[in-house]
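Engineer: Attaching a single structure in structure tokens format; questions to follow.
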Amino acid sequence: MYHKEKSIQIKNSASALYNNLSVLRIAPRRLTHFTVVHANMVNMVSASWDGLNYTHRQLQSKEPNVATSTSLIMQMYESDGSIMVYWHALDTPETPTAQAVFARGIAAVYENYICVGVSSGAILVFDVPSKGSNITLSEVLEEHKESITDMASECSGSQECIANLVTADDGGNLCVWKSGEEFQLLNKIPGFDMSCSSVKLWKGTAVAGYGTGQIRLYEAVTGILHAEINAHARWIYSVDIAPFSGLLLSAAEDSLVRVWHMTITPETNSVEVVHLHNECVTDTQICGARFCDGDGYAFAVTGYDLSEIIRYIQS
Amino acid sequence: MSSRTLPLLFINLGGEMLYILDQRLRAQNIPADKAKKVMNDIITTMFNKKFLEELFKPQELYSKKALRTVFDRLAHASIMRLNQASMDKLYDLMTMAFKYQVLLCPRPKDILLVSFNHMDAIKDFVKDTPSILSQVDETYRQLIEMYTPLSSGEFQLIRQTLLIFFQDMHIRVSIFLKDKVQNSNGRFVLPTSGPVPHGTQVPGLIRMFSCTGEEFTRLKFNNGGNYTTALREGSFDIFGDRVTKLGTNMYSVSRPVETHMSGTSKNSAQHTKVSAAPNPLAKEELNLLARLMGGLEVQKPGNADTGFRISLFATDEEEEEALISRPDELSYGVINIQATKDQQANAELAKIMGEFTESGDQSPSVSNKGDDLLAMMDGL
């Protein structure tokens with residue numbers, strides 16, 4: 001179904017962090033940006049579609065400002081990484097807690113919000129105006145009690161969906177939200193004390209990957225479990241959805257990437273999943289996997305200690 | 001990242017170090033009483049109460065340099081001496097062994113079982129010495145208190161923090177190559193077969209449910225591997241069967257400890273760029289080292305009657321060759337301790353320096369404020 005394409009080399013190896021690969025397709029310029037995290041550095045590669053040009057850029061987090069005892073948790077750049085437009089720091093607690101302050105999980109949410117998860121369980125909601133760079137912190141959502149692991153906005157493109165954000169934490173709990181000036185909590189789906197490391201939202205269905213290697217599909221607003229897959233033999237690090245075709249991608253520490261197909265009909269509440277394909281990245285614990293386009297024609301994979309982005313294309 | 005990583009890193013690396021030293025002491029036919037003294041001295045220092053107090057505080061992981069310095073000190077806590085090349089090799093083996101164990105743990109929580117395997121072995125080394133034994137038991141209690149309440153997600157964070165520390169290390173280890181757990185490019189073999197972790201199901205099943213919660217169909221799929229159901233869970237108590245073999249002693253007199261320097265991954269140079277950035281937490285590292293040295297008994301070095309040298313190589317020529325041919329990017333750059341401007345750290349160090357001078361051994365130019373603390377130690 002898929003075959004391996006030429007890999008893209010990156011300047012540093014990928015660190016073992018959840019969802020450690022981002023892909024941004026810029027159709028008007030016929031190129032795709034790939035980003036991979038190595039410790040406190042972001043490696044960016046911009047690949048032209050004709051396969052001839054690769055530009056590299058590295059973004060490093062600003063040195064922590066020990067004097068004012070704040071923890072820098074977020075920096076925002078132009079999409080090509082050229083200019084930093086915003087940064088945000090949180091106060092470090094007086095006495096060091098057993099968990100350092102860090103950010104994890106990010107999503108762009110309708111209409112003009114960017115949400116960022118924090119180790120305390122809080123979610124920062126930033127208002128990003130369509131013009132100008134006056135980004136402000138709009139709200140702090142404090143529903144999760146455990147560290148945020150991942151979050152995702154509704155990716156079907158339909159504005160009829162009531163819920164447009166799902167957030168996940170280390171206890172496997174999922175919160176379902178409706179965005180706005182004040183975000184509204186629509187539902188809370190409890191975890192079973194098993195971390196949910198990656199989550200996506202499509203046609204009102206939350207697709208969640210867990211540390212046990214299971215994938216679960218929930219109807220977000222009601223919490224009804226529609227499907228449960230014993231998908232991987234180790235901790236899942238990444239799930240992704242190709243919204244135009246309903247293809248689902250899952251990747252884990254067990255070296256396997258799997259492709260599935262979902263058929264979701266919200267009107268009849270029906271959800272079906274079938275397995276389509278496996279790819280094994282030998283001797284590699286996979287930490288990131290993303291479709292490169294909305295149809296799922298191609299996908300890319302990163303692994304711990306690997307200095308390349310491996311790509312696969314439909315045969 | 002996690003602030004609870006350092007104790008596990010230290011204890012597991014320390015455990016590996018003891019396995020290797022024990023093997024070398026036997027291989028070089030060091031008299032039993034001397035060998036025992038070395039092992040006891042090192043273990044006593046490792047589990048020094050004040051040192052452990054410092055270690056168990058919530059904090060970021062130390063830089064590679066700082067940690068290497070701590071182990072340098074530890075290896076020299078007794079009458080045994082190691083040359084630079086042997087110390088480098090010892091540290092390579094320790095770190096690659098623990099990297100292997102961390103990577104291959106089926107669940108992140110199993111890192112605690114690996115730690116208990118090391119602790120169990122350490123306990124066995126000192127089973128005839130009640131005073132040290134009680135220190136070791138106390139450490140078990142601290143480990144259990146700190147780590148057993150953690151969730152799986154928090155353990156994964158600890159594991160991820162450790163994996164960042166070990167990033168880009170691909171030193172080839174003879175024993176691993178022979179056992180086929182490491183490839184010739186230095187990367188570890190990750191099998192797609194064997195028992196799944198405790199708490200995980202064998203992959204291959206899709207279950208679908210109706211709105212009322214009834215399962216209406218199940219589909220099977222090919223999982224591309226050869227998995228079996230999980231083994232029973234190991235014990236997280238002071239005593240018990242840990243089940244996993246990771247963290248147990250893989251060396252014996254007949255299995256030599258070699259590493260290969262040539263042909264390491266060309267990416268190994270990259271990690272030194274990241275670690276070259278100045279570490280703003282140098283003060284904390286200094287505190288730990290101060291505590292460690294506070295726990296060290298003053299030993300008269302190189303005395304012909306008691307002191308001896310251990311080598312990690314078969315011959316002295318090999319050892320010298322290894323020192324000359326070691327690639328630059330793999331040098332550890334042992335930290336050069338300077339007394340900081342910070343009053344408290346200064347006072348602590350001055351106190352320790354003072355204790356050493358009082359014992360009757362001269363310390364070189366202590367009056368100079370920016371003195372090298374390590375040089376001071378070597379002067380004893």
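Engineer: Give the interface area between chains B and A as buried accessible surface, both sides summed, probe 1.4 Å, in Å² to the nearest 100.
Structural biologist: 4600
Engineer: Next question. Eigenvalues of the Cα gyration tensor times 5, then square-rooted: what semi-axes does that give for region A:156-315, in whole angstrom, largest first?
Structural biologist: On the way: eigenvalues 132, 63, 41 Å².
Semi-axis lengths for region A:156-315 are 26, 18, 14 Å.
Engineer: So, in nm, how far is label A:Thr263 from label A:Ser82 when the simple model puts each one 7 Å beyond its Cα toward the Cβ?
Structural biologist: About 4.7 nm separates the two model spin labels.
Engineer: What are the residues of region A:14-45 that lose 40 Å² or more of accessible area, with a 1.4 Å probe, going from their chain alone to all protein chains?
Structural biologist: For region A:14-45, once contacts with the other chains are taken into account, A:Ala16, A:Leu17, A:His38 lose 40 Å² or more.
Engineer: What pairs in A:Lys62/A:Lys188; A:Lys188/B:Lys245; B:Lys50/B:Lys178; A:Lys11/A:Lys203; A:Lys62/B:Lys65 have C-alpha atoms more than 29 Å from each other? Write out the running numbers ahead of the final one.
Structural biologist: Numbers: A:Lys62/A:Lys188 36 Å; A:Lys188/B:Lys245 40 Å; B:Lys50/B:Lys178 41 Å; A:Lys11/A:Lys203 37 Å; A:Lys62/B:Lys65 22 Å.
The answer is A:Lys62/A:Lys188; A:Lys188/B:Lys245; B:Lys50/B:Lys178; A:Lys11/A:Lys203.
Engineer: Here is a further query. Taking every residue in A:254-262, how many Cβ atoms of other protein chains lie within 10 Å of its Cβ, on average? Don't skip to the end; give the middle numbers.
Structural biologist: On the way: counts 12, 5, 5, 1, 4, 0, 2, 0, 0.
Average neighbour count from other chains, rounded to a whole number: 3.
Engineer: Answer rounded, prolate or oblate for chain A, using the Cα gyration tensor with square roots of eigenvalues a ≥ b ≥ c: rounded when a/c is under 1.5, else prolate when a/b is larger than b/c, else oblate. List each step's numbers first, then the result.
Structural biologist: Details: a/c = 1.38, a/b = 1.07, b/c = 1.29.
Since a/c stays below 1.5, the shape of chain A is classed as rounded.
Engineer: Can I ask one more? When you look at the Cβ of every residue in B:187-193, what mean number of other chain Cβ atoms sits within 10 Å?
Structural biologist: The per-residue average across the peptide is 5.
Engineer: Right, here's the next one. How large is ³J(HN,Hα) for each residue in region A:202-217, as worked out from phi by the Karplus curve 6.51 cos²θ - 1.76 cosθ + 1.60 (θ = phi - 60°), to whole Hz, x for Gly and Pro?
Structural biologist: Couplings: 9, 6, x, 9, 8, 10, 10, x, 10, x, 7, x, 8, 10, 10, 10 Hz.
Engineer: Report the net charge of residues surrounding A:Ser315, where surrounding means a beta-carbon distance below 14 angstrom and charges are Lys +1, Arg +1, Asp -1, Glu -1.
Structural biologist: So the environment of A:Ser315 carries a net charge of 0.
Engineer: Right, next: Per residue of region A:240-253, what does 6.51 cos²θ - 1.76 cosθ + 1.60 with θ = phi - 60° give for ³J(HN,Hα)? Whole Hz please, x for Gly and Pro, Karplus curve as stated.
Structural biologist: With the stated coefficients, region A:240-253 comes to 9, 10, 9, x, 7, 10, x, 6, 10, 10, 9, 9, 9, 5 Hz.
Engineer: Can I ask one more? One-quarter of the Cα convex hull surface for region B:1-85, in nm²? Mind dumping the intermediate values first?
Structural biologist: Numbers: hull surface 23.5 nm².
Its Cα hull, projected and averaged over all orientations, spans 5.9 nm².
Engineer: Let me ask another. Per residue Cα convex hull volume for region A:79-229, in cubic angstrom? If you can, show how the numbers build up before the last one.
Structural biologist: Working: hull volume 20.1 nm³, N = 151.
It is 133 Å³ per residue.
Engineer: Calculate the mean, over all residues of peptide A:3-12, of how many other protein chain Cβ atoms lie within 10 angstrom of the residue's Cβ.
Structural biologist: Details: counts 0, 0, 0, 0, 0, 0, 0, 0, 3, 7.
Neighbouring Cβ atoms belonging to other protein chains average 1 per residue here.
Engineer: Using per-residue counts of other Cβ atoms within 10 Å, averaged over each peptide, order A:124-135, B:56-67 from highest down.
Structural biologist: On the way: A:124-135: 13.4, B:56-67: 19.1.
Answer by packing, highest mean first, reads B:56-67, A:124-135.
Engineer: Summing +1 for each Lys or Arg and -1 for each Asp or Glu, what net charge is found among the other residues whose Cβ lies under 11 Å from the Cβ of B:Asp241?
Structural biologist: Numbers: positive: B:Arg232, B:Arg242; negative: B:Asp120, B:Glu233, B:Asp237.
Charge balance near B:Asp241 sits at -1.
Engineer: Arrange the peptides B:313-324, A:162-173 so that the one whose residues have, on average, the most other Cβ atoms within 10 Å appears first. Show your work: numbers first, answer last.
Structural biologist: Values: B:313-324: 13.5, A:162-173: 24.8.
Per-residue mean Cβ counts within 10 Å order the peptides as A:162-173, B:313-324.
Engineer: Moving to a separate point now. Can you check what the net charge comes to around A:Met74, using other residues whose Cβ is under 13 Å from the Cβ of A:Met74 (Lys, Arg +1; Asp, Glu -1)?
Structural biologist: On the way: positive: A:Lys62, A:Arg104; negative: none.
Charge balance near A:Met74 sits at +2.
Engineer: For region B:26-136, rounded, prolate or oblate, judged on the Cα gyration tensor with a ≥ b ≥ c (square roots of eigenvalues), a/c < 1.5 rounded, else prolate if a/b > b/c?
Structural biologist: On the way: a/c = 1.42, a/b = 1.23, b/c = 1.15.
Note, shape of region B:26-136 comes out rounded.
Engineer: Which residues' amide hydrogens lie under 5 Å from the amide hydrogen of A:His277, considering only partners 5 or more residues apart or on another chain, with H built in the peptide plane?
Structural biologist: The answer is A:Val259.
Engineer: Measuring from label point to label point, each 7 Å out along Cα→Cβ, what is the B:Ala314 to A:Phe244 span in nm?
Structural biologist: Between B:Ala314 and A:Phe244, the simple spin-label model gives 6.3 nm.
The values are calculated or read from the model by the stated rules, or taken from the named source; none is laboratory data. Remember, predicted model here, so these are calculated numbers, not experimental data. When we count neighbours, we look across all protein chains shown, and the Cβ atoms used for this are built from the backbone with ideal geometry, even at glycine. What goes into the accessible areas is simple: the full protein's heavy atoms, side chains included, and nothing from ligands, DNA or RNA. Shrake-Rupley method; radii C 1.70, N 1.55, O 1.52, S 1.80 Å.
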